[in-house]
1. Looking at segment A:1-108, what strands (runs of 3 or more DSSP E) fall wholly within it and have at least 1 residues that are buried (at least 19 other Cβ atoms within 10 Å of the Cβ)?
2. Got at least one residue in segment B:29-45 being within 14 Å of chain A (Cβ to nearest Cβ), over 23 Å from B:LEU8 (Cα atoms) and not polar (S, T, N, Q)?
3. Please report, ordered by residue number, the strands (runs of 3 or more DSSP E) entirely within segment B:12-113 with at least 1 residues that are among the charged types (D, E, K, R) and surrounded by 13 or more Cβ atoms within 10 Å (Cβ to Cβ).
4. Can we say A:THR5 is under 22 Å from B:LYS36 (Cβ atoms) and at pLDDT 95 or above?
5. Take segment A:8-48 and flag every residue that is at pLDDT 95 or above and at positive phi.
6. Could you please give the count of residues in segment B:34-74 that are of a type in the set (Ser, Thr, Tyr) and at pLDDT 90 or above?
Amino acid sequence: DSGVTQTPKHLITATGQRVTLRCSPRSGDLSVYWYQQSLDQGLQFLIQYYNGEERAKGNILERFSAQQFPDLHSELNLSSLELGDSALYFCASSVAEAGELFFGEGSRLTVL
Amino acid sequence: GEDVEQSLFLSVREGDSSVINCTYTDSSSTYLYWYKQEPGAGLQLLTYIFSNMDMKQDQRLTVLLNKKDKHLSLRIADTQTGDSAIYFCAESPLGAGSYQLTFGKGTKLSVIP
């Protein structure tokens, strides 16, 4: 158990819908990262937050957004969902802006 | 651009050594990592190597880095069935203020009893 909690574990929805994935980092970790894992693209870095502020952006679509709240949990919002958004979404956390990443078990999103 | 390449599959017999290879393109990478993903689980950091090192050993794991060829390998000695998983190579670019890792697509290791 990495200490990073992600909910929901599984989510099935339809194209055009909007979903929110939630992540609670390890106690004391200030940085949260979101990654997308799909069969064709592999693991792609989406976005990082540190202590509530956006730190870095990767291959995140404009339809996706994220935030980190004062209690340090983070949410990833995915809107206008397409079939190609079906993937495993991982959250990871680290103590500081850079450090060993601890991954959650992921949220599996299926878009039908 | 950054790119990390790995072979997709490796099959070994229990008790043999496994060698998983990775090549990367970003010559400025400071840290290179090996992660393990078991079915239904997140990624677990196995080991990492700093780019000024050639080798790192940690119990059954040996990491070799050839910086000139941008080649990284992970050797697992005495491979066990519990080592069956997907192994990801990842790099962290120099100067990044965070661990924005670039991952390979993973090598699925199957251990035959």
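The values are calculated or read from the model by the stated rules, or taken from the named source; none is laboratory data. Every value quoted in this text rests on a predicted model; they were computed, and no experiment measured them. Heads up, the Cβs are rebuilt from the backbone with ideal geometry, glycines too, and the neighbour counts pull from every protein chain shown.
1. Numbers: elements: A:5-7, A:10-13, A:19-24, A:31-38, A:42-50, A:53-57, A:64-68, A:74-78, A:87-94.
Answer list for segment A:1-108: A:5-7, A:19-24, A:31-38, A:42-50, A:53-57, A:64-68, A:74-78, A:87-94.
2. Taking segment B:29-45 first, the residues within 14 Å of chain A (Cβ to nearest Cβ) are B:29-45.
This time we only want the ones that are over 23 Å from B:LEU8 (Cα atoms), so: B:30.
Pick out the ones that are also not polar (S, T, N, Q) and you get none.
No, that holds for no residue.
3. Numbers: elements: B:18-24, B:31-37, B:43-50, B:55-58, B:61-66, B:71-76, B:85-92, B:107-112.
Answer list for segment B:12-113: B:31-37, B:55-58, B:71-76, B:85-92, B:107-112.
4. Values: under 22 Å from B:LYS36 (Cβ atoms): yes; at pLDDT 95 or above: yes.
Here the answer is yes, as A:THR5 does meet what is asked.
5. Selection gives A:GLY16 alone.
6. Taking segment B:34-74 first, the residues of a type in the set (Ser, Thr, Tyr) are B:35, B:47-48, B:51, B:62, B:73.
Checking which are at pLDDT 90 or above leaves us with B:35, B:47, B:62, B:73.
Adding up the residues that qualify gives 4.
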